[in-house]
Every structure is written in C-alpha cells, then in structure tokens.
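The block underneath contains the structure these notes are about, expressed in structure tokens.
The values are calculated or read from the model by the stated rules, or taken from the named source; none is laboratory data. Since this is a predicted model, take the numbers as computed values, not measurements. Every residue, glycine as well, gets a Cβ built from its backbone with ideal geometry; the counts of neighbours run over all protein chains shown.
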Amino acid sequence: MSEEYEYRHEVEELAERSATAARLFDVRRIIGGLFVVYGIIVLIAGYTASDADVKKASGININLWTGWCVLAVGLLFLLWMKLRPLSAPGAVPKPEPSRPGNGPGAGTGTGTGSGTGTGEG
Amino acid sequence: MHYLAEGLRLPTNALDYTILILYFAVVLGVGFAARASVKTSLDFFLSGRSLPAWVTGLAFVAANLGALEILGMAANGAQYGVYTVHWYWVGAIPAMVFLGLVMMPFYYGSKVRSVPEFLLHRYGPSSHLLSSIIFSVASVLIAGVNLYAMAIVVEALLGWPQWVAIVVAGLFVLAYITLGGLSSAIYNEVLQFFVILAALIPLTVVGLRRIGGFGGLKDSLVASHGPNFVSAWGGTGIGSANPLGANWLTIVLGLGFCLSFGYWTTNFAEVQRALSARNLSAARRTPLIAAFPKVLIPLIVVVPGLISLVLRPDIGSKKSGLQYNDAIPLLMSELLPNGVLGLAVTGLLAAFMAGMAANVSSFNTVFTHDIWRAYIQRNRSDGYYLLTGRVVTAIGVLAGMGTAFIASSFSNIMNYLQTLFSFFNVPLFCVFIIGMFWRRATAPAGFWGLLCGTLAALINYFWLYRADVISIPSDQGANFVSAIVAFVVGGVVMIAVTLFTKPKPVESLAGLVYGTTAPGVAEPPAPGDEAWYRRPAVLGWSALILAAVCYIPFSL
C-alpha cells in the first residue's frame, strides 16, 4: 500500500525544494507598470484627438476616458502591492499573519473595480 | 472556409504599434523574470503549488478567454441572439462551482499533478494512457486552430502575411513557456485578462452609445429579428423552431450539464490553474473566484456581437462578405480611434497568445508526466524531466503551427472547438464523476467507458448528424445532443463493465473517492482563510445566485 502513495511523497518533497514561492516576482508590479504606461500613451492620444477621432467614437473622446481609467487601474495595483507586499524573497514560505492580505477578496475587488471604472467612460 | 473581408483593415498608426510592441516585450520579460523561480519540475509544471488564489482564479478565467472564445461568442451573439448567454450562465457557472466545491478536494488533496494522473490512481494505466493521448492530441489540434484563426484575423486587420503572424506568435509563446513554465503562462494570463478588459469595455461603451444604449439595442433587434431574439428562453420549447436548433432540455442537459461539466471540471488546461494554488482552500477558490468575472463577460463579448448586427444587419450573409466571426473586428474598425484601437488590437493578440499558451502549458505537463515519464523513461532524475518538459513545449508549439490548417473546414470556429470538446471531455467527465462517487467502479470500466463514450459522440456527430441520418436543425444543436449521447453511453458501459469485473481494494482508493480521506496529515489552512468572504461555500453559492439573477431581465 505504501507504494500506492509514493507519488504523494514525491510531490511533498518537490514542494519543499520548490523555488517558486521564494523567487517568483509579484505580478502586480507588471500589471501596474504596464497599465501606467498604457494609460499615459492613451491619454496622449486623447489630448491630441482630432474631431474625426471623436466623431468616429460616437461623439465621445474615448481615449481620454480609457486613458484615465487604465492609469487609475495601474496605480491601484501599485498601491495594493505597496500596502500588502509579498513576504520577503528567500523567507521560508510559511504562512505569516501579514500574508493573507493578497487573498481573493482584494483581488476580485480590484478586478471588478477596473471593470466598472472604465465602463463609465 | 473563413475569410475576413478586405474592408476590415484597421488604420493603425505608430501609437497603436507602440502599445502592441510594449506588450510583446513585457510578455517576454515575464518569461525571463520567471525563469529564476524554476528549480524543480514541480515549479515548471505547477508553479510549485504556491500561487495565491486571486492569481490562479484570474488565470483560470483568462485561460478560457482566448480569442477564439471572444470572437466565437460574439459571432454566436450575432447569429443566435441572446441565447448565447446560456454558454455562460447555464453552461459555465454551475460547473465551475461544482469543480470548486465538490471535485477540488479530490484533485488537490490527492496531490496528483494532472487530470489524467487522477485516472491512473483511481482506475489504472489503461484509462490513464488513453486519456493522456486523447488530451495531448486535442491540445495540439486546438493550439493549431488558435494559430490559424489568429493568422487570418491579423492578416485582415494589420495586413501581416499569415506565416508571419503564425511564426511570431508561436515563437513568443514557445519562448516564455520554455523559460518560465506555468508561472510565466499564468502571470501572462492575469495580465492578458486586464488588457482584454481595457480593450473590450471601451468598444462596448462606444458601440452602445452609437445605437442608443441598451434600449436602442433591444428595440432594433426586436424590430428586425422578433422578440425571441432578445430572450434567453423564448422559443426553446420542445418541438418549436429557433435559430439555435436546440430546446430547453438539450440546452440544460447537453450544454449545461454534459458539455459544460466536461469542459470545466476535467479539461486540464483549466484544472491545472487550480492545482498550482498554494493550498487546498486557494485551489477550491480558484474556479469560484473565476466565476464572478465569467458571469459578467457576456456584457463585453455577446453585447458587441449584438451591436454589430444592428450596425450591419447584413453581417453573416454572402452579400456583405462579412462573417459572424468578424463582429468584433468590424466594431474595432468602425468605432475606435487610434490609441484605444492599439489597446484593442493588443487585447485581441494577447487573447490569441494566452489561449494557445494555456493549451501548450497543459500539453507539456501531460505529455512529459503522464506519457513520457509513466511509460517510456521511468525513474530518471527530476532535472531530466524538467528538461524534457522544455523540449516537449517546443515540439508542441511546432506541431501546433503544423496543424493550423485543420481549422479551415468549419465556417464558425466555435462549432469546431465545441465539437472537439464534446468528444474529448464529456466521456472523461462521466468516468470521473462515477469514479469519485461509486467505489465499486472498476479499472476496465474506466477504460471502456472512456473509449465507448468518445466513439459514441464521434459516431453521432459525424455519421448520424453530418450524413443526415437523424435530423437536428443546427451544428450547435447537434453538439448538445452528441454530448448527451457521449455521457449516457459512457455511463451505461461503465455500469455494465463494473458488474462483471473485480473492483480495486478500497484501501488503494483513499483520498480518491467520496467518503475517504487522503492518508497523511492534512495541510493546515493559511491564516485568514477562515474569513467569511473566503469560504468556498459562500463564494460558490453567491456565484450561482448571481447567474440566476442575470437571467431575470431576459426571461420576463
């Protein structure tokens, strides 16, 4: 019977040697950074928009609205990362009281937030 | 054959290309940055089982939100109308909730590394090998479909030759998965999810404004297509004709039960995201967190499909030269100025790459772990399998490029995908669900159930339906029926074979069957997991209620 469960021990062993938890960077940095840059680019398009651009988009300067919303989402991600950082790299991946903050509640919150935010544009 | 109209060429400028090139650079950067975290094969194939739930949850929904899904569902919206919401509210949410609440403890708790591996421990090598081979072949086919579709869209929108698009996208996917493994696939999926929102939300807003908001949309569609076109259930009585070619029974049983549960609960490209979560609680929450965005996605996918029908009532007809699949590209070219247009193009390309990456990252795991390691090269070092995984990734991408041409035989790409899923996932789901809840189900039963269910669906679809032996009004309707046939045949064969074969000893099934627990100490929950809004039951039931509430405005 012990042979049946050998694979489970192997997974446990590999999980102990795993480097992902300690070494993988924070994805919020990437999303935040890219969205800040995208926001700025789209805002430039918004502030230099021609009448034809506005007319094409049913009479709204959609670049301006989207630009501000994308920028806001980017900044929110960077702020979230600042407020609740991952545990320091190299630390033993043991659950610490400060870690659970990046749980799902905050995650979905930001997700839907971005959705409705841009939707108003 | 699927050709986009010449007139869809987008007026892209340097600004748009800056946005696109930035995205490609970041995608590759994620791959290089994630490389440092890959030390063992578990890191490469399952991110070391250490990601937080919101990351795996968004990756779970993004892995499904490939461009084929987006273009296909917008196409279904334009072709079938509001019926398309069934693919989300009946055809996804219940299955996602079931995966999180009922099935995930078996998957994650038993510490299997892939969906086929569960079959190995529950049944035995024959069904394991069969399922692994079917999955590997299907993944490469679907990756090929994805690439081919992308090449056509990119050619029409940007004017790139098809081979350029195939090579560029293929090589980027190859590079970032080979470098960073599943972590880099998942991180790019999360990023892609937000880029797609940034692409589709402005498109929907501008489109709605053009045609007078939701009220204008509804009035125009009722005037041109009748009231059933904007209703979810109108005209779906058994025997009454509707564009979908299905009735409420085949919608609920075929789409809502067989196809949907098959896809969401046993498709490893999805389940893999949950298996990479950092503990059982996070794994259970993965599909539940994904369910909330999934409920709302029709707003930015199906609605644009409907808008395109109002703006160009001749879409889908020969005269216009526009296919239903062109719905979203059409809106992009008609409504979006430069800037946002760049975001939209980037979102579309991001969706194509992520859809393919999900297939490739699950294919490399199953091929390396469940075929190569289990049956060809056993007992080698972990480093050997890590290297094999990287090589298999490259082979999978190249094979996907080679199979891209298969997609060309169906006019509606979604039909093709749904067809594949109805054949490959439904019998698998049947074998899983019986195996999880019926201790006595035997090893030969698993194998024959899987094989006969798959063959039955193939026979029903390609022989009985395509050759007009039985009459079903549409391809979609035939898919729903094929899925039901696959499930019923698989189940009946399993029960019959079980009665004549010897069951596995109960001790060998601990943690794999309902009512047993995995040996060893259960992992302790992370602090904070007890918070009420993180409890799987609360999340799951809220998602179900939300989906039911969404039906109300379309059923009255």
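Computed values, structure above
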{"read-out": "Residue in the range B:37-47 that is among the β-branched types (V, I, T), in contact (Cβ under 8 Å) with a residue 12 or more places away in the chain and assigned to a helix (DSSP H, G or I) present", "value": "no"}
{"read-out": "Selection count where residues are closer than 19 Å to B:Y533 by Cα and either surrounded by fewer than 24 Cβ atoms within 10 Å (Cβ to Cβ) or facing another protein chain (nearest Cβ under 7 Å) (or both), scope the range B:36-56", "value": "4"}
{"read-out": "Any hit, the range B:135-150, residues being within 14 Å of chain A (Cβ to nearest Cβ), touching a Ser or Thr at 6+ places or on another chain (Cβ under 6 Å) and of a type outside the set (A, V, I, L, M)", "value": "no"}
{"read-out": "Unique match (being at pLDDT below 90 and assigned to a helix (DSSP H, G or I)) among B:F423, B:F447", "value": "B:F423"}
{"read-out": "Of all residues in the range B:283-299 being more than 10 Å from chain A (Cβ to nearest Cβ) and over 29 Å from B:Y83 (Cβ atoms), the one that is surrounded by the most Cβ atoms within 10 Å (Cβ to Cβ)", "value": "B:R284"}
{"read-out": "Residue among B:V85, B:V61 that is closer than 23 Å to B:N146 by Cα and away from chain A (no Cβ under 13 Å)", "value": "B:V85"}
{"read-out": "Residue in the range B:391-408 that is among the small types (G, A, S), within 12 Å of chain A (Cβ to nearest Cβ) and over 22 Å from B:A59 (Cα atoms) present", "value": "no"}
{"read-out": "Residue check, B:F135 modelled with pLDDT of 90 or more, over 30 Å from B:L120 (Cβ atoms) and among the aromatic types (F, W, Y)", "value": "no"}
{"read-out": "B:T266 crowded, with 24+ Cβ neighbours inside 10 Å, in contact with a Gly (Cβ under 6 Å, 6 or more places away or on another chain), under 19 Å from B:S362 (Cβ atoms) and in contact (Cβ under 8 Å) with a residue 40 or more places away in the chain", "value": "no"}
{"read-out": "Sole residue being out of contact with any strand residue (DSSP E or B) (no Cβ under 7 Å at 6 or more places or on another chain), in contact (Cβ under 8 Å) with a residue 24 or more places away in the chain and not in a helix (DSSP H, G or I), chosen from B:G245, B:G256, B:G207, B:G237", "value": "B:G245"}
{"read-out": "Members of the range A:36-64 found to be touching a helix residue (DSSP H, G or I) at 6+ places or on another chain (Cβ under 6 Å), more than 7 Å from chain B (Cβ to nearest Cβ) and part of a helix (DSSP H, G or I), listed by number", "value": "A:V36, A:G39, A:L43, A:L64"}
{"read-out": "Positions within the range A:1-35 being exposed (fewer than 14 other Cβ atoms within 10 Å of the Cβ), within 22 Å of B:S381 (Cβ to Cβ) and facing chain B (nearest Cβ under 7 Å), in sequence order", "value": "A:R17"}
{"read-out": "Search result, residues across the range B:177-189 that are buried (at least 24 other Cβ atoms within 10 Å of the Cβ) and either farther than 15 Å from B:F24 by Cα or more than 8 Å from chain A (Cβ to nearest Cβ) (or both)", "value": "B:I177, B:G180, B:G181, B:L182, B:S183, B:S184, B:A185, B:I186, B:N188, B:E189"}
{"read-out": "Criterion: surrounded by fewer than 24 Cβ atoms within 10 Å (Cβ to Cβ) and within 30 Å of B:R49 (Cβ to Cβ) - qualifying residue of B:L280, B:L259", "value": "B:L280"}
{"read-out": "Single unsatisfied condition, B:R466 versus (1) under 27 Å from B:L288 (Cβ atoms); (2) away from chain A (no Cβ under 14 Å); (3) of a type outside the set (F, W, Y)", "value": "(1)"}
{"read-out": "Pick from the range B:363-397, criterion polar (S, T, N, Q) and part of a helix (DSSP H, G or I), ranking: surrounded by the fewest Cβ atoms within 10 Å (Cβ to Cβ)", "value": "B:T388"}
